[in-house]
Every structure is written in C-alpha cells, then in structure tokens.
Amino acid sequence: VPYDPASFHDETTIISLSEGSLGGKGRGVAFINSLIYNYDFSRYIPNINVRAPKTAMIGTEEFEYFISRNDFLDKVINEADYTTVKQMFLRASLTDTLAKRLKALLGTVKKPLAVRSSGLFEDSLMQPFAGIFETYLLPNNHPDINVRLRQLMNAIKLVYASVYSDVARGYVEAIHYRIEEEKMAVVIQEVVGNKYGKYFYPHVSGVAQSYNYYPFSHMKPEEGFAILGLGLGKYVVEGEKAYRFSPKYPELEINSPKDQYKNSQVEFFAVDLDKKEINLMEGDTAGLARLDIDDAEMQGTLKHCASVYDPNNNSIVPGLNAFGPRIVNFADILKYKYSPLAKTIEIVLDVVKEALGSPVEIEFALDLEKDKNNKTSFYCLLYTS
C-alpha cells in the first residue's frame, strides 16, 4: 500500500516507503504476504496461525537517487577496498522524504527490525543470489528516536554498500553480469519473537525446500526437507549445527542417538537488547548476542525444543526432566504435536510451489506462545525459487 506509517500495524499489508522495483526478495515477500492473507490455510491446518511479519519496503528509486546524488558510481566501481566503500556510504545521506517516513515508522515500531537486501539480480531465475548481499538486525530500543533513526538509515546504507562487497563483485564477475547494472531495494521487517530478559528471539527458526536432493530411507525427493534451529534464523541459514527432517515424515530420525548428540545445536543467536548503541561496521552480528543452549533453558524457551541424551543406553529421553546432555531435536513439536509445524511446512511448500510452478525455498519462524484459541503461530519470512 502507499506510504502510511499506521498501516505497519496491519500485517496483512506492506508499506511502500519509496517508488521503484521491489527486487527479487521484495517481490517474494509481497507474493507470500498476498498468498497467506488470501488463501485459507485453516482448512488444511486448523490448529496454527499462518502469518507474515509486519513489513515495509524501499523501492530501487531511493538507491538510484543515493548513487547519483552522491556521485558514487565511478568512485565505488574503482574503489577496491570494501571498508572504504562502506565508510563512504555511511557519510552520505538518504533523501529527506525517506528519512521523514522512516522516523514516522519508528514512532510506531518498538520491536527489533531486520533490514534485508533485495537486489534486482535476485530476480534472476538463472543465477541464485541468496546470501550475496547483507542483512542487519537492529535492537531498535534506544530511548532517543533520532538514534534509532540513524541506526536504521546506516543499516540501509550498508545494505546498499553490499552491492560492492568483495563477495558480490566476485560473484557478479563470475556469472558475467555488470555490477553497475545492479539496483538495490530494501525490505524492513519486524523481527519475529519475544523478549526474554535482555534478549529477543523466536523459539524456532528454519528453512525448508520443496525438493530434497538427498532423500533418506523411503523419502521421495519431491517431498522436500526442512532444517530447524532455536533462536534467530541466521544460525540455520549459515549452515551451523541444526536439526534436519522430512516434513512428510517428521518422526523419522535420520541419525542415531549418538550422532544426534554429536551434531546437536549448542549455541544460538538472539538480538541483544542491551546494545542500545551499535557499530554496524562490525558486521551483521553487531546487534546480536551468541548464547549457549543453557541460557535458553534458563529462559524457558528450550522446553518444547529439546530432549535428553542417555549415553549409558544410547537413547534419547523426551523432555527436559532427566539429567544429562540436551539434544535440540524438537521432539515435542515434531513427534508429540505441541504445534503442527511439520504439516504446516508441508502445506505451505506445496501451495507456494503450485502457485509458482517451480521448486521453492522458504525461511520461517515459529512462535510457540499460544493465543486465546490455543494456537501457535507460523511466520513465513521469505521465499526464493
């Protein structure tokens, strides 16, 4: 919808903060938002809310203004040092119109924010660009709204700068694209999760694909697979220790108890609400904390996500009542159906795949706090095809 900061409270709509293309990721977010709020998922999975996070987008026009007004194109093409490029971008200014709109938006938003890249090249069906550009997570909790505004604008500028990172330049060159043809949109999303002491994170995050290239046992490739982790999705997306399973057969354990113990998640990412002043030049973890699974248990968020490994019997005991090392295997969710996550992933993948006519990947988060109707909430964050 056209710009209106009050609309941000309505998760069924996406606010446009600037004109221009939405880029690949932005188009995916817009599509999935439209699908979720126009398709009756409750017919097939009645015991869960299928939702999308509150979202605003900055079209590519702002990026074009930013590059041309600051006379950056020749400078950044010829500047090999990425740190210098980021410093140049941070010193430059965004348009006054966007700054005013962002400030109005921050006046209504109190939760942490994810600032995601959405390049035009990500529209390409021939070349995958996932993970090439930056995403920043902001605590968004400084008492001074002007400080929060500066942090948000800095995150946007650094997303713009990531077009010219060493990784992006190398990748674009390898596939014979021209870096000067790239234009960047930005997706701003409210982070899914809850506050636990001085940290903020979702109970579960994950990725799921509709096609499984490595099926196991009686699984079929077209039945897909999913990978789950406790906390923010950055942990899963970056390929750290996480739990892999088939949405079609969630009770089928791929690894032995001993291997599950060896490969179990032991740390997770959370937004650090104590970090009111952050230096985004430190990278995309500037506003985050890396915590131990023991922290999650103390905060009460491990309850439905873990079991206990018994090394004497080489077995796994569901729940956390037994003494012993914890295994993050989501047994209460996948085996004992505290939340119908597996069925939800299966249905959402199938619907999105049918709508697009091609294999898809989604990123999602699960909030295990039940609403007044005793339902947990599944949030579809992004999709790529």
Next item on the list: With a cut-off of at least 1 residues that are farther than 28 Å from residue 209 by Cα, name the helices (runs of 4 or more DSSP H) lying wholly within region 280-374.
Entry: 293-299
Margin query: I'm checking my understanding of the structure. Among residues of region 347-369 that are modelled with pLDDT of 95 or more and farther than 20 Å from residue 37 by Cβ, which one is farthest from the chain's Cα centre (by Cα)?
Written below: 369
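Going through region 330-355 one residue at a time, which ones are touching a residue at least 40 places away in the same chain (Cβ under 8 Å) and of a type in the set (A, V, I, L, M)? Full working, then the answer.
In the first step, residues of region 330-355 are kept if they are touching a residue at least 40 places away in the same chain (Cβ under 8 Å); the result is 330, 333-335, 339-353, 355.
The answer is 333, 334, 341, 342, 345, 347, 348, 349, 351, 352, 355.
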Check: Do we find that residue 258 is open to solvent by 10 Å² or more (accessible area, probe 1.4 Å) and out of contact with any Phe, Trp or Tyr (no Cβ under 9 Å at 6 or more places or on another chain) in this structure?
Finding: no
Check: Counting residues that are touching a Leu at 6+ places or on another chain (Cβ under 8 Å), among the charged types (D, E, K, R) and surrounded by 14 or more Cβ atoms within 10 Å (Cβ to Cβ), which helices (runs of 4 or more DSSP H) fully inside region 1-120 reach at least 2?
Finding: 96-106
Check: Looking at (1) at pLDDT below 95; (2) farther than 29 Å from residue 27 by Cα; (3) crowded, with 22+ Cβ neighbours inside 10 Å; (4) not hydroxyl-bearing (Ser, Thr, Tyr), which is the one condition that is false for residue 312?
Finding: (3)
Next item on the list: For region 243-279, enumerate the residues that are of a type in the set (A, V, I, L, M, F, W, C), assigned to a loop (DSSP other than H, G, I, E, B) and farther than 16 Å from residue 332 by Cα.
Entry: 254, 266, 273, 278
Check: Which one of 98, 113, 102 is touching a strand residue (DSSP E or B) at 6+ places or on another chain (Cβ under 8 Å), of a type outside the set (Val, Ile, Thr), closer than 30 Å to residue 374 by Cβ and modelled with pLDDT of 95 or more?
Finding: 113
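Any idea how many residues of region 180-219 are part of a strand (DSSP E or B) and of a type in the set (D, E, K, R)?
Initially, region 180-219 is screened for residues part of a strand (DSSP E or B), giving 184-190, 194-196, 199-201, 204-209.
So of that shortlist, the ones also of a type in the set (D, E, K, R) come out as 190, 195.
Number satisfying all stated conditions: 2.
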Notebook entry, point to check: Just for region 174-194: of the residues that are at pLDDT 95 or above and open to solvent by 10 Å² or more (accessible area, probe 1.4 Å), which one is nearest to residue 17 (Cα to Cα)?
Noted result: 190
Notebook entry, point to check: Which one is least open to solvent (accessible area, probe 1.4 Å), of the residues in region 224-252 that are free of Cβ contacts under 8 Å to residues at least 40 places away in the same chain and farther than 30 Å from residue 200 by Cα?
Noted result: 252
Next item on the list: Scan region 263-278 for residues that are in contact with a helix residue (DSSP H, G or I) (Cβ under 6 Å, 6 or more places away or on another chain) and surrounded by 15 or more Cβ atoms within 10 Å (Cβ to Cβ) and jot them down.
Entry: 268, 269
Next item on the list: Would you be able to tell me the number of residues in region 220-241 that are among the acidic types (Asp, Glu) and assigned to a helix (DSSP H, G or I)?
Entry: 2
Next item on the list: May I ask you to verify whether residue 216 is open to solvent by less than 30 Å² (accessible area, probe 1.4 Å) and in contact with a Ser or Thr (Cβ under 8 Å, 6 or more places away or on another chain)?
Entry: no
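For region 320-366, which residues satisfy the criterion of being acidic (Asp, Glu) and either buried (at least 20 other Cβ atoms within 10 Å of the Cβ) or under 17 Å from residue 243 (Cα atoms) (or both)? Step through it out loud before you land on a result.
Within region 320-366, the first condition is being acidic (Asp, Glu), and the residues that meet it are 332, 346, 350, 354, 361, 363.
Hits for region 320-366 are 332, 346, 361, 363.
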Notebook entry, point to check: Inside region 279-300, can you point out the residues that are loosely packed, with under 14 Cβ neighbours inside 10 Å, hydrophobic (A, V, I, L, M, F, W, C) and touching a residue at least 40 places away in the same chain (Cβ under 8 Å)?
Noted result: 281
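The values are calculated or read from the model by the stated rules, or taken from the named source; none is laboratory data. Since this is a predicted model, take the numbers as computed values, not measurements. Heads up, the Cβs are rebuilt from the backbone with ideal geometry, glycines too, and the neighbour counts pull from every protein chain shown. Heads up: the accessible areas ignore ligands, DNA and RNA and are worked out on the full protein's heavy atoms, side chains in. Shrake-Rupley method; radii C 1.70, N 1.55, O 1.52, S 1.80 Å.
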